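Trainee: Input: one structure, supplied below.
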Amino acid sequence: MPEPHETTKERSVYFGEGARFLLTAAAFVIVVLGLQQCRSVLLPILMAGFLAIISYTITKLLRKYLRFPHWLAVAFTVLVDGGILFGVASIINFLAADMKATLQGDFTRRMVEKYNELMDWLGNFGLEEQARAIVHSPQDIFDTQQMVSIIQSISGQAISFVTTCTLVLVLMTFMLGEARLFKKNLHKLPSSSKGKEDFTNALQGIQRYLLIKTIASGCTGALAWGACAFMEVPFAFLWGVVAYVLNYIPTIGSIVAAIPPIVMALLMGGWGDAAIVLLCYVLINFAIGNGIEPIFLGKQFGIATSVVLPAVLFWGWVWGPCGMLLAVPIMVLIKLALENSRDLSWVATIISDEPPPHVTKLKNKTQD
């Protein structure tokens, strides 16, 4: 029979662990709400940081091979990034205005025709009445007026986007300018050499990820543009740009980017054209997403695949589309912080796809 003081001690430990868990959960909720409220301040800083990580390679190449002074290499890099950002924004704004005119033209008529064709085809199987009961009109599937309002909203946010990009470029200029100083200050920290090495490796991994993801997204956008142009899908270049941007979002982005051109191919062409465009997108995403990217990226981050999609959804809920774009790099930094935490290191172990240390040692002994 246990002593009374031992039972009391066990209970105090149990309630102490429960209280710690509740405090941790409450702190997590407070931090998430704070991140949502501060998105207008934090997002430009994060975007500037990740753009600086990508662009630092250009700065180093300009200094190394063209002998640019550091300030000139930074200025040239910022000008290139600014030209790309403002160029993409201008193209999307121009094509959005053109799309608005198309949607208000014969787009609605074609949509009604395809709706009637589908209902006639279902009527051959005796399913027309059930289908019309579910979908009363084409607007239940695709509301043209709602799409026009979305396009108007996109065009109206162009000035806000330019302002945000200007702030991001200014912040990125300072970050690139002091990148070498940051490296020197990092080595002065009193922390362990392993912690410094892990942090450096994480930054290099993020740089590699964003660089390869940019190249892969460019290939995806170019191939999507070519496929849509070959099939004569309206606004083929716009769908290429959309495929390029959304390819940064794991899994979800590729699916969302394929929907508009498939719908356009269906309405402007027919079911056969839509099937071909769908097949093209499946082949493009399979070749790049499951072939090229894994070869160059591998499993360098050590994050379980099952964690990536929830992370994308979570950061999309917190920070919108920008959060979805930055979900993977953010998770890399969070995993690094958790690994160096005494109380939360177990969370890093759960979200990791790396085998436990004893399994790795056993595998190495077996190979020896």
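The values are calculated or read from the model by the stated rules, or taken from the named source; none is laboratory data. Keep in mind it's a predicted model, so treat the numbers as computed, not measured. Cβ coordinates were reconstructed from backbone atoms using ideal geometry, including for glycine residues, and neighbour counts include every protein chain displayed. Accessible surface is based on the protein model in full, side chains and every heavy atom, while ligands, DNA and RNA are left aside. Shrake-Rupley method; radii C 1.70, N 1.55, O 1.52, S 1.80 Å.
Trainee: How far, in nm, would the chain grow between F21 and T163 when pulled straight, counting 0.36 nm per residue and subtracting the alpha carbon separation?
Mentor: Extra length available between F21 and T163 comes to 46.9 nm.
Trainee: Could I ask something else about it? Looking at this model, which pairs from K60/K183; K64/K183; K183/K213; K184/K213 are more than 22 angstrom apart at the alpha-carbon?
Mentor: Those over the limit are K183/K213; K184/K213.
Trainee: Per 0.36 nm of contour for each residue apart, how much would the distance between A222 and M119 grow if the chain were fully extended, relative to their Cα-Cα spacing?
Mentor: Fully extending the segment from A222 to M119 adds 33.5 nm.
Trainee: Right, here's the next one. Using label points projected 7 Å from each Cα along Cα→Cβ, tell me how many nm separate I215 and F76, to one decimal.
Mentor: 2.0
Trainee: Amide H of I303 versus every other amide H placed in the peptide plane: which residues, excluding those fewer than 5 positions away on the same chain, fall under 5 Å?
Mentor: Under 5 Å from the amide H of I303 lie the amide H atoms of D353, each far enough along the sequence or on another chain.
Trainee: Let me ask you something else. If you roll a 1.4 Å probe over region 205-352 with all protein chains in place, what percent of the accessible area is carbon or sulfur?
Mentor: On region 205-352, the fraction of accessible area on carbon and sulfur atoms equals 76 percent.
Trainee: How far apart, in nanometres, would the label points at T251 and I30 be if each is projected 7 angstrom from Cα along the Cα-to-Cβ direction?
Mentor: For the pair T251/I30, the computed spacing is 3.2 nm.
Trainee: Also, I was wondering about something else. By accessible area of protein heavy atoms, probe 1.4 Å, what ranking do F28, F314 get, highest first?
Mentor: F28, F314
Trainee: Kindly provide the Kirkwood hydrodynamic radius of region 39-81 in Å, to one decimal, from all pairs of distinct alpha carbon atoms.
Mentor: When all Cα pairs of region 39-81 are included, the Kirkwood radius is 10.9 Å.
Trainee: Here is a further query. Tell me, what is the FRET efficiency for T305 and F174 to the nearest 0.05, using R0 = 41 angstrom and their Cβ-Cβ distance as r?
Mentor: Approximately 0.70, to the nearest 0.05.
Trainee: R0 = 35 Å: FRET efficiency of C38 with K60, Cβ-based, nearest 0.05?
Mentor: My answer for the efficiency is 0.65.
Trainee: Would you mind calculating the gained length between F286 and F94 on full extension (0.36 nm times residue separation, minus the Cα-Cα distance), in nm to one decimal?
Mentor: Between F286 and F94, full extension yields 66.1 nm more.
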